[in-house]
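Each reported figure results from applying straightforward, stated rules to the coordinates on display, with no laboratory input. As the structure is a computational prediction, the values presented were derived from the model and not from experiment. Here the Cβ is made from the backbone with ideal geometry for all residues, glycine too, and neighbour counts use every protein chain on show.
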Amino acid sequence: MVLFPVLLMLFSLAMERVEFRLSKLGVREQEVQEFLDKASTSEVATLANEGFPHALDRFNNRKRGVATIDEMADQRAS
């Protein structure tokens, strides 16, 4: 019985760390909305295959004018 409060406190501290890490990894709502409004077909395919972080990286690279290896291969194939 005495151990329960200590375990509860340790659990809450661990969850606080997890929450902090997740908040750092998250993206802002504005970034998601911009992606959904302006993403290319290949970026949406990346979203489906590799997840949002990779798709957002491709999207941001395209906005900056930086071509990725996948995009260069797609251009050569066309």
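Expressed in nm to one decimal, what extension gain is obtained for the pair SER12 and LYS63 from 0.36 nm per residue of sequence separation less their Cα-Cα distance?
Roughly 14.3 nm would be gained on extension.
What is the spin-label model distance, in nm, from LYS24 to MET1 if the labels are put 7 Å beyond Cα along the C-beta direction?
About 4.1 nm separates the two model spin labels.
Among the trypsin sites (Lys or Arg not before Pro) in region 1-70, which ones are in a DSSP loop with at most 16 other Cβ atoms within 10 Å of the Cβ? Mind listing them?
ARG28
Per residue of region 42-47, what does 6.51 cos²θ - 1.76 cosθ + 1.60 with θ = phi - 60° give for ³J(HN,Hα)? Whole Hz please, x for Gly and Pro, Karplus curve as stated.
Values per residue, Gly and Pro as x: 5, 5, 5, 5, 5, 4 Hz.
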